Amino acid sequence: MFRVDKINYFDKFHCIMGECPDNCCEMDWNILVDDISYAKYQACKEEDVRNFISQEIPHKILKKNHKCPFFQADGLCMLHKEYGEGFLCETCRNYPRLTSCYEDLYVVSLAPSCPAVLELLWLQERTEIKTEVFYECQEDLKEEKFEMSESLAAKLRFREELLEIARDRQFSLAERVKQMAAVLGMAGFSEDLPQAVEWARDYIRENCLINRGIRRQSELIAGTVFDERMALNIVCGNLGFQRFFEHILVYSIIEQVFRMEKMGDRDKHRWLEKIVLRLAVMQYWLALLYGVQGKVSRDDCNTAVYSLMRILDHDEEAWEKCYGRWKREVGGLPLVLW
């Protein structure tokens, strides 16, 4: 018997391929190749296919000019185009679909580092979890309930407690984060908001300018001075922004909660600080952009979020460094703007 917790918009996703505004194949990511795909690639008649797969373990696709060598000018994958989806390695076939296993629990979600996923979030009313239990054999049918360790059960209870707060639209996102902090006994918020916003801008400019879109935004906001009215004006009459970032917060709780090795107070505090920092950094950046443009479009928001999530959601080492630097230079739980 095993259980699957799947995010409710998971089955709506489809890759937009050549229409993607910032294709993941152009990212300087390490693309791991599973053993089955490696065998297929080595048996391929195309010499270029064989030559661009490392023989060392773990096998990787060797990049060309910091891009996947199979990425074409039309935005399509040569392997997919010539041989079909089944020829892709697991990494390429699955992304941005994420599946994590904890005992007999599988958590299935979609990474917001993909532009197509972000478009789903704008259309989604709520982020919920669809739970199904699967029976692998006749013996499983005799089981009355899904069994789990006390550690896993505690994380599930913790997840539901925070999700209930995170989805409560009686309150702004900023107020919901404060409620979560109160539940965990946390009181230390970062006090100097302009300093925090400046810190976020400098960090992103130094570490996250990974594509043309985010670099253009960086040039626009280079000398902008933060004013709290920037944040308020963005969402004035536009609840779509608050709902969008609610989806990001809920995703973060669902995807990250089981990664806590321990569940002491200190561990929970650190965990919440990291989730909130990621949310706040994206909002600070957009508030600065609003200060320059007098508006922030849906495309502006998507460009900022998927660009930053490609660093903050996929590179654990880079994210730990970001969090450590925040603790040293600013400190406290970041203030969410809306």
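The values are calculated or read from the model by the stated rules, or taken from the named source; none is laboratory data. Fair warning: this is a prediction, and the values are worked out from it, not measured in the lab. So basically every Cβ, Gly included, is an ideal-geometry build from the backbone, and we count neighbours across all protein chains shown. In case anyone asks, the SASA skips ligands and DNA or RNA and just uses the protein heavy atoms, side chains included. Shrake-Rupley method; radii C 1.70, N 1.55, O 1.52, S 1.80 Å.
In what order, largest first, do Met186, Met309 sit by accessible area if the probe radius is 1.4 Å? Show your work: numbers first, answer last.
Values: Met186 25, Met309 0 Å².
Ranked list, largest accessible area first: Met186, Met309.
What is the dipole size for the chain, taken about its Cα centre, with +1 at each Lys and Arg Cβ and -1 at each Asp and Glu Cβ, in debye to the nearest 20?
That gives the chain a dipole magnitude of about 820 debye.
Quick one: work out the % antiparallel among DSSP beta bridges in the chain, nearest 5.
Of the beta bridges lying entirely in the chain, close to 75 percent run antiparallel.
Using each residue's phi in region 278-294, evaluate 6.51 cos²θ - 1.76 cosθ + 1.60 at θ = phi - 60° and report the 3J(HN,Hα) Karplus result to the nearest Hz, with x for Gly and Pro.
4, 5, 5, 4, 5, 5, 4, 4, 5, 5, 5, 5, 4, x, 8, 8, x
Calculate the all-directions average of the projected area of region 247-338's alpha-carbon convex hull, and give it in nm².
If you wrap the Cα atoms of region 247-338 in a convex hull and average its projections, you get 6.5 nm².
Would you grab the residues whose amide H sits under 5 Å from the one on Tyr9? Only those 5+ places off in sequence or on another chain, please, with H modelled 1.01 Å from N.
Close amide H contacts, sequence-distant or interchain: Glu128.
Compute the Kirkwood hydrodynamic radius of region 1-94, taking the inverse of the mean of 1/r over all pairs of distinct Cα atoms, and give it in Å to one decimal.
Working: mean 1/r = 0.0686 Å⁻¹.
Evaluated on region 1-94, it is 14.6 Å.
For the chain, what is the mean residue ellipticity at 222 nm derived from helices alone (per DSSP H run of n ≥ 4: -39500 (n - 2.57); sum divided by total residues; nearest 500 deg cm²/dmol)? The partial results should precede the final answer.
Numbers: 14 runs with 170 residues, N = 338.
Mean residue ellipticity, 222 nm, calculated: -15500 deg cm²/dmol.
Using alpha-carbon positions, what is the distance between the centroids of region 281-327 and region 186-256, in Å?
Value for the Cα centre distance between the two parts: 6 Å.
Taking only Cα atoms of region 138-262, what ratio of Rg to Rh do you get with Rh as the Kirkwood inverse-distance radius?
On the Cα set of region 138-262, Rg over Rh gives 1.09.
Sorted from largest down, give the three principal axis spans of the alpha carbons of region 75-183, whole angstrom values.
Computed over the Cα atoms, the extents are 54, 46, 22 Å.
For Tyr102, what residues show an amide H to amide H distance below 5 Å, using hydrogens built from the backbone and excluding near sequence neighbours?
The list, which skips near neighbours in sequence, is Val107.
Using the Kirkwood radius over C-alpha pairs as Rh, can you work out the diffusion coefficient of the chain via Stokes-Einstein at 37 °C, viscosity 0.692 mPa s, in µm² per second?
The Stokes-Einstein estimate is 151 µm²/s.
In whole Å and largest first, what semi-axes does the C-alpha gyration tensor of region 150-200 yield when each eigenvalue is scaled by 5 and square-rooted?
26, 14, 10
For region 186-202, in order, what is each residue's ³J(HN,Hα) by Karplus, 6.51 cos²θ - 1.76 cosθ + 1.60 with θ = phi - 60°, in whole Hz (x at glycine and Pro)?
Working through the residues one at a time gives 9, 10, x, 8, 5, 8, 9, 5, x, 5, 5, 5, 4, 4, 4, 4, 5 Hz.
Mind grabbing the accessible area of Asp28 for me, 1.4 Å probe, Å², rounded to tens?
The accessible area comes out at roughly 80 Å².
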